[in-house]
Amino acid sequence: MDIFERRRANLRLLLTKITQAELARRSGVAPSYISRALKEPGDDGYKNIGEVTARKLEAGAKRVEGSLDLMPTAFELVIANAADASLRPAMPDDVEIRQFDAGGGIGSGRLLLDDQPGVIKSWHVDQDWLRLNVRNYTAVQNLCIVTGFGPSMRPMFNPGDPLLVDRGVREVVTDAVYFFRVGRQGYVRVLQRIPTSEGTKLRAKAKNPDYDPFDIDMKAMDFEVLGKVLTVWKSEQF
């Protein structure tokens, strides 16, 4: 049973505890998407449940992050014990948003972030700040701070400025600003999906006109989305 089969089976189990309409309302996932995700592969309109959508469904149903990826027998235990507070994500008043770990996950050493003038190590915010300033994110635990590096995204932000990144977004589902790597080199760019006769490719575009766009061959390049940039704060020197 692959990851998509597990998610589909677990979604069916989840809908024995919450209506489809309520799950759609609370998760922000369109009812039509949920209906398509319940279909069998090969059926007209079938839709796989991707990483981002799975996390949204879990959050909407107040289930443990990652639980939809479990084998159905294990997920049934999560449902059966859902009243246990230990199974629900903690939502403390004080939330720590840590810096992105540039040394993890690429195997061959630290991620290279050119012209990074030091780092912002962490923020402590409360739930009201998150509610008012960060409208859409996959999970609190997935939020991190990336310190702006290089001049390629001026005037959107400057080197040293804080970027709030959602590490739960690991694929390009909409055109937006992403934090990603090609090999060991890190980038923050607008990623635009370009349809071609060979499928969709990605074009990375800077805000600074001195930097040329470049195309990403997702099959040939060592490419990884590290997160989606949700918010940037631009500094002004006085």
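The values are calculated or read from the model by the stated rules, or taken from the named source; none is laboratory data. Here the structure is a predicted model, which means the values were calculated and not measured. Cβ sites come from the backbone with ideal geometry, for glycine too, and all protein chains shown count toward neighbours.
Can you pull out the helices (runs of 4 or more DSSP H) entirely within the stretch 23-140 that have at least 3 residues that are at pLDDT below 85?
Values: elements: 31-37, 51-60, 72-80, 127-133.
Fully inside the stretch 23-140 and qualifying: 72-80.
For the stretch 222-234, state whether one or more residues are surrounded by 19 or more Cβ atoms within 10 Å (Cβ to Cβ), touching a residue at least 40 places away in the same chain (Cβ under 8 Å) and among the charged types (D, E, K, R).
Yes, the conditions are met somewhere in the stretch 222-234.
Which numbered condition trips up Phe4, out of (1) touching a Ser or Thr at 6+ places or on another chain (Cβ under 9 Å); (2) surrounded by 15 or more Cβ atoms within 10 Å (Cβ to Cβ); (3) at pLDDT 90 or above?
The number of the failed condition is (1).
Within the stretch 130-150, does at least one residue satisfy the condition of being under 10 Å from the mean Cα position of the chain (by Cα), surrounded by 15 or more Cβ atoms within 10 Å (Cβ to Cβ), of a type in the set (Ser, Thr, Tyr) and on the phi < 0 side of the Ramachandran plot?
Checked against the condition, which is being under 10 Å from the mean Cα position of the chain (by Cα), surrounded by 15 or more Cβ atoms within 10 Å (Cβ to Cβ), of a type in the set (Ser, Thr, Tyr) and on the phi < 0 side of the Ramachandran plot, the stretch 130-150 yields at least one hit.
Scan the stretch 9-27 residue by residue and report those that are closer than 11 Å to Glu76 by Cβ and aliphatic (A, V, I, L, M).
Within the stretch 9-27, Ala9, Leu13, Leu14 qualify.
Which condition number in (1) part of a strand (DSSP E or B); (2) touching a Pro at 6+ places or on another chain (Cβ under 6 Å) is the one that Pro159 fails?
With respect to (1) part of a strand (DSSP E or B); (2) touching a Pro at 6+ places or on another chain (Cβ under 6 Å), Pro159 is out only on (1).
Can you tell me which residue is nearest to Ala59 (Cα to Cα) among those in the stretch 112-129 that are surrounded by 11 or more Cβ atoms within 10 Å (Cβ to Cβ) and charged (D, E, K, R)?
Among residues in the stretch 112-129 that are surrounded by 11 or more Cβ atoms within 10 Å (Cβ to Cβ) and charged (D, E, K, R), the one nearest to Ala59 (Cα to Cα) is Asp126.
Between residues in the stretch 2-23 that are more than 15 Å from Arg36 (Cβ to Cβ) and residues that are surrounded by 14 or more Cβ atoms within 10 Å (Cβ to Cβ) and acidic (Asp, Glu), which pairs lie under 7 Å by C-beta distance while being six or more apart or on different chains?
Ile3/Asp69; Arg6/Asp69; Leu13/Glu76
Conditions tested, residue by residue: (1) surrounded by 16 or more Cβ atoms within 10 Å (Cβ to Cβ); (2) within 19 Å of Val140 (Cβ to Cβ).
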| residue | (1), (2) |
| --- | --- |
| Gly28 | no, yes |
| Ser35 | no, no |
| Glu40 | no, no |
| Tyr46 | no, no |
| Gly50 | yes, no |
| Ala54 | yes, yes |
| Leu57 | yes, yes |
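Is the stretch 185-195 home to any residue that is without any contact (Cβ under 8 Å) to a residue 60 or more places away in the chain and either outside the structural domain of Asn136 (by TED's automatic domain parsing) or part of a loop (DSSP other than H, G, I, E, B) (or both)?
No, because not a single residue in the stretch 185-195 is without any contact (Cβ under 8 Å) to a residue 60 or more places away in the chain and either outside the structural domain of Asn136 (by TED's automatic domain parsing) or part of a loop (DSSP other than H, G, I, E, B) (or both).
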